[in-house]
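This report concerns only the one structure given below.
The values are calculated or read from the model by the stated rules, or taken from the named source; none is laboratory data. Please read these numbers as outputs of a predicted model, since none were measured by experiment. Glycine gets a Cβ as well: all are built from the backbone with ideal geometry, and neighbour counts include every protein chain shown. Remember, those area values only see protein heavy atoms, side chains included, never the ligands or the DNA or RNA. Shrake-Rupley method; radii C 1.70, N 1.55, O 1.52, S 1.80 Å.
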Amino acid sequence: MKSETMPLHILVIVASTRPGRLAPAIADWFVQATRPEAAGDQISVDVADLADIGLPLLDEPEHPSSGIYLHEHTRAWSRRVAAADAFVVVTPEYNYGMPAALKNALDFLYHEWAWKPVAFVSYGNTSAGTRSVQMTKQVITTLKMMPIGATVALRIADSTRQGQVLESADLEQTAREMLLELSRVARAMRHLRTATDDDEGSVRGPVDGLTLATARDDDLAELLVLQRCCWMQEALDNDTLDLAPLHETLEDLDASTSTWHVWCLRQYGRLIAAVRARRQGPAWVIGRLMVAPDQAGKGIGSWLLSYAEQRAPAQTTHHALFTGHKSTRNIDLYQRVGYVLTSADQTADDTVYLTKPRQLCT
Ligand SMILES: Cc1cc2nc3c(=O)[nH]c(=O)nc-3n(C[C@H](O)[C@H](O)[C@H](O)COP(=O)(O)O)c2cc1C
């Protein structure tokens, strides 16, 4: 399907949260006014009302760029934002600026926002909310989002009565034109999200047809099968079945996604590899690197390891991983790409630990 005709998903973010607010009426007006254009241009619209979503003030211990989310409210917000191709922010102006709830909702996430356009429906008194929009633009460009030129700005005294937007053919036309400009830019920007290795999506790697994505609930059963399959070799090499990856349940795997960032690599839809990582003090701990046995020897493992290394947060100084002391194939791979055995070398449980300084990453 050509990207110009691909369905688009737009998230309308309602940025004010106070009781008695005007925001829902403005958002509703925008959705109704643009409904025919949305249907005609294959656009689905979802409204994310920050008052309903109820995010607390940012309460995640890790930097959002790590993608490691401890709380379910963050994961739910992440899923919603990640699913969107573009955003319409419906925002008032508070003290010449953006509402704190909007800033907080933006701060919660990082990669999910990137390379997506944003349009604004602002409202307020004399300035019609435009100072809030200007301030928000400064923030969203840091998140690699792109504000579009078209905008809708309502002066409350002129455009609303008793909490409702007054009928105005001109204003509705402006809203429709803005939606179409947003969809045009969103379709063009899709390439930025799929053609590079900086983001999740289609990636260029050692074999064709690869897509890389953070593990979602739907991936976990397949991931568990791949994991058991991959750790059989480890069991044979080390002459033991006492290996956690062989015994983990679906529930264990599910729980691990709240403390680890897990990536799944698929080839034409088939799960062929995975890896996980998380920050532990100054270390970026990488683990569960697995490649389907029939895909071994194609450079997929080292490519995925390098991908995980590149995701290390700025605060980390080195990468760390471990494997069984007789897993020579793994150890060879790690040493080939710059890891060295730590001084502890081998522990009582026959595990070896390896590290690599972060600046050595290619
Ligand atoms: C805390 C606060 C600060 C405000 N500051 C401004 C402002 O700087 N400029 C402006 O035009 N209106 C300002 N207003 C008036 C808002 O434009 C108006 O109350 C609007 O309805 C707020 O949106 P909401 O009802 O969705 O919360 C402010 C309102 C509040 C509650």
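Compared with the direct C-alpha span, the chain from E181 to D254 gains 22.3 nm at full extension, assuming 0.36 nm per residue.
Modelled spin-label separation between R80 and A157, with each label point placed 7 Å from Cα along the Cα-to-Cβ direction: 3.4 nm.
Send over the per residue convex hull volume for region 225-303, Cα only, as a whole number of Å³. Let's see the in-between values first.
Working: hull volume 9.2 nm³, N = 79.
So the per-residue Cα hull volume is 116 Å³.
Once the chain from Q280 to V225 is taken as fully extended at 0.36 nm per residue, the excess over their C-alpha distance is 17.1 nm. Tally Lys/Arg at +1 and Asp/Glu at -1 over every other residue whose Cβ is under 13 Å from the Cβ of A273; what's the total? That sum, taken over residues with Cβ under 13 Å, equals +2. Treating each Cα of region 167-321 as an identical point scatterer and summing with the Debye formula, the log10 of I(q)/I(0) at q = 0.16 Å⁻¹ comes to -0.93. Extending 7 Å from the Cα toward the beta-carbon at both H71 and H191 defines two label points whose distance is 3.9 nm.
On a per residue basis, the chain carries 48 Å² of accessible surface, using protein heavy atoms and a 1.4 Å probe.
In the chain, Cα pairs under 8 Å separated by at least six residues give a relative contact order of 13 percent.
Residues with beta-carbon under 10 Å from that of G287, excluding G287: net charge, scoring Lys, Arg +1 and Asp, Glu -1? With Lys, Arg at +1 and Asp, Glu at -1, the net is +3. Spin-label pair Q138-R216: with each label point 7 Å from Cα along the Cα-Cβ axis, the two points sit 3.6 nm from one another. The trypsin sites (Lys or Arg not before Pro) of region 1-91 that meet both conditions, a loop assignment by DSSP and at most 15 other Cβ atoms within 10 Å of the site Cβ, are K2.
Eigenvalues of the Cα gyration tensor times 5, then square-rooted: what semi-axes does that give for region 262-301, in whole angstrom, largest first? All intermediate terms of the calculation are to be shown ahead of the outcome.
On the way: eigenvalues 110, 24, 8 Å².
So the equivalent ellipsoid measures 23, 11, 6 Å along its semi-axes.
Under 5 Å between amide hydrogens, built in the peptide plane, is the criterion, and for A153 it picks out S122 among residues at least 5 positions away or on other chains.
Expressed as a whole percent, the accessible surface of region 13-63 that belongs to carbon and sulfur atoms is 52, based on a 1.4 Å probe.
Rounded to the nearest 0.05, the FRET efficiency derived from the C-beta distance between A235 and V340 at R0 = 45 Å is 0.95. For Q315 and L58, the FRET efficiency from 1/(1 + (r/R0)^6), where r spans their Cβ atoms and R0 equals 22 Å, is about 0.85. The Cα center of region 101-146 and the Cα center of region 305-334 differ in position by 37 Å.
Over region 83-217, the hull volume per residue, using the convex hull of the C-alpha atoms, is 133 Å³. For M146, the amide hydrogen comes within under 5 Å of the amide hydrogens of K116, V118, counting only partners 5 or more places away or on other chains and with H modelled in the peptide plane.
Express in nm, to one decimal, how much length is gained between T351 and D208 on full extension, taking 0.36 nm for each residue of separation and deducting their alpha carbon distance. If you can, show how the numbers build up before the last one.
Values: separation 143, 0.36 × 143 = 51.48 nm, distance 3.42 nm.
Full extension of this stretch gives 48.1 nm more.
Hey, what's the Kirkwood Rh for the chain if you take every pair of different alpha carbons, in angstrom?
Working: mean 1/r = 0.0442 Å⁻¹.
Computed over Cα pairs of the chain, the Kirkwood hydrodynamic radius comes out at 22.6 Å.
What the Kirkwood sum gives for region 108-153 is a hydrodynamic radius of 11.1 Å, with every pair of different alpha carbons counted.
Considering only the other residues whose Cβ falls under 14 Å of the Cβ of P245, what net charge follows from Lys and Arg at +1 and Asp and Glu at -1? Please list the in-between numbers first.
Details: positive: R228, R276, R288; negative: E234, D237, D242, E248, D252.
Net of charged neighbours comes to -2.
For region 1-109, the mean projected area of the C-alpha convex hull, equal to one quarter of the hull surface, is 8.3 nm².
Please report the antiparallel percentage of the DSSP beta bridges confined to the chain, to the nearest 5. Roughly 55 percent of the beta bridges in the chain run antiparallel, per DSSP.
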